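The values are calculated or read from the model by the stated rules, or taken from the named source; none is laboratory data. Model, not experiment: these values are computed from the prediction. Cβ placement follows ideal geometry from the backbone for every residue including glycine, while neighbour counts extend to all protein chains displayed. What goes into the accessible areas is simple: the full protein's heavy atoms, side chains included, and nothing from ligands, DNA or RNA. Shrake-Rupley method; radii C 1.70, N 1.55, O 1.52, S 1.80 Å.
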Amino acid sequence: MDAYAAVMTGKGTAALSVIQLHGPDAAGVLQEVFISGGGGKRPFRTGAILVGAILDGEATVDQVTVGCEGPQTFAIGCHGNPLIVERIMQLLVDKGVAPIAAEEMLTRAAGRQVPNMIAVEAQIALSNVHTLTGARIISHQVSGGLAAVARRWLDTGPLALLDVVRGQARQILADSRIAEKIINGCTVVLAGPPNSGKSTLLNRLCGRDKAIVTDIPGTTRDWVSGACLAEPLELTLIDTAGLDMEPPADEAIDAAAQRKTAEMLETADAVLLVLDISQDHTQISSALADIAGRKPTIAVLNKSDLPHRLDLSALPKDLEAHTAVSAERGDGIDSLLAMILRAFTVDDFDPHVTVAFTDRQRRLIKALSRAESEAAVRSILTTLLAAPDDGGQPTA
Ligand SMILES: Nc1nc2c(ncn2[C@@H]2O[C@H](COP(=O)(O)OP(=O)(O)OP(=O)(O)O)[C@@H](O)[C@H]2O)c(=O)[nH]1
Ligand SMILES: [Mg+2]
């Protein structure tokens, strides 16, 4: 048996883990343990990303993606639960695969013929990806996606090259911004007046009790965060202190909590403005109303199980959307998650589109979108596709 495997992601419970499998016998082993979503055995065509399951005999170990990075190289994206990762590794070892450390895998990868820098960058990025869809997007860029488009451009005749490249590069940059959220995750801050149910909603979305819930306004002082996997996104949710009033000058803790909330709002990718639907509009302070103008904001009208007193015409302007939920009972949570995916425009994102997933790639694609001459285009493309030992530096 000539195959070896390594867990490329850090230890602990992450949303997703990646196991890299390499060697002349890697495809054969994978054929034994992987079944594609359609139920059959599929050939591992280089560049393909297959969705399916790892089987231990008849039992399904996990739903996974398999990125076929080369005839002997595969990236298995599985769920991050350490027990699942261990079981898949054990299964591979039982089939004769040698387990090695991630560092060793990267060293060996650097020593063998990797096609280009994009392949090296993909290996590094896969070790830190947050969702299965993110893993599919990255794997696709190695032999399909970005690498294939760049090679095709290099083969394009001089007359068409500039126009074609500039237009497509702009589209790649736009798609890359969306893909980045899927690959790296997003931060969503829960803000709103005291007692509106922010902590209850955080606990509901995270599926466990992370934040303290009481009926005393001002319960949450320090921020609390939790992860919520809403494929294709991993959301880091941050519950904050209620943001209703001017910070009272003599209460140092409240003032500090409110300042922290304001800071959290600055760094958020989006905001859930949690309001109490059973209260009237006076709960919406000017500070809360202003948030919607600065960040993509969804108003979550919580406590929908109680009589509705909130006048919808009093909602802040510039909202992305609003929806009613009962965080306590769980009503409306699926619609809220769908709304969040729409706000990030990832709801119908095709993981097979071409994107740039590192700073180096984004910089080069941006340069392509502004290139003035055919010679400049060719030089940038050559850098993009450089082999690792041509002096290029990988960046995650
Ligand atoms: N009826 C009803 N009560 C709710 C719902 N969500 C939260 N509550 C109650 O509202 C009260 C406040 O809930 P929290 O989640 O602590 O509210 P909060 O916004 O985090 O409050 P602060 O941390 O004080 O800003 C608690 O008594 C919850 O049980 C809901 O959907 N329906
Ligand atoms: Mg709270």
Just how much of I49 is accessible, in Å², when a 1.4 Å probe is used and the result is rounded to the nearest 10? 20 Å²
Could you pull out the trypsin sites (Lys or Arg not before Pro) across segment 268-358 that fall in loop regions by DSSP (anything but H, G, I, E, B) with no more than 10 other Cβ atoms inside 10 Å? K317
Against the 2.2 N^0.38 Å rule of thumb, the C-alpha Rg of the chain sits at a ratio of 1.13
Simple spin-label estimate for R363 and Q63 in nanometres, 7 Å along Cα-Cβ: 3.9 nm
Just to confirm the number: angle between the C-alpha axis of helix 252-267 and the first principal axis of the chain, 0 to 90 degrees, nearest 10? 40 degrees
Expressed per residue, the solvent accessible area of segment 1-112 in Å² (1.4 Å probe) is about 45 Å²
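If you place +1 on the Cβ of every Lys and Arg and -1 on the Cβ of every Asp and Glu, how big does the dipole about the Cα centre of the chain come out, in debye to the nearest 20?
On the way: 35 positive and 48 negative charges, 225 e Å.
Once rounded to the nearest 20, the dipole reads 1080 debye.
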Between the Cα axis of helix 132-143 and the main Cα principal axis of the chain, the angle (0 to 90°, nearest 10) is 30 degrees
Expressed in whole Å with the largest first, what are the equivalent ellipsoid semi-axes of segment 1-112 derived from the C-alpha gyration tensor as the square root of 5 times each eigenvalue? 19, 17, 13
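I need the calculated FRET efficiency for the pair E86 and D280, taking r as the beta carbon distance and R₀ as 41 Å, to the nearest 0.05.
0.15
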Rounded to the nearest Å, what's the spacing between the alpha carbon centres of segment 324-377 and segment 74-111? Just the number, please. 29 Å
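Heavy atoms only, probe 1.4 Å: what % of the accessible area of the chain goes to carbon and sulfur, would you let me know? If you can, show how the numbers build up before the last one.
Details: 9210 of 17930 Å².
It is 51 percent, rounded to a whole number.
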Working out 0.36 nm times the residue gap between L306 and D350, then minus their Cα-Cα distance, what length gain in nm do you get to one decimal? 11.9 nm
Per residue, how much accessible area does segment 116-396 show when a 1.4 Å probe rolls over the protein heavy atoms, in square angstrom? 45 Å²
Counting pairs on different chains as well as pairs 8 or more places apart, how many Lys pairs in segment 116-396 have Cα atoms under 22 Å apart? 12
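When the helices in the chain are scored as -39500 (n - 2.57) per DSSP H run of 4 or longer and the sum is shared across all residues, what 222 nm value do you end up with, to the nearest 500 deg cm²/dmol?
Working: 13 runs with 158 residues, N = 396.
Value at 222 nm, helices only: -12500 deg cm²/dmol.
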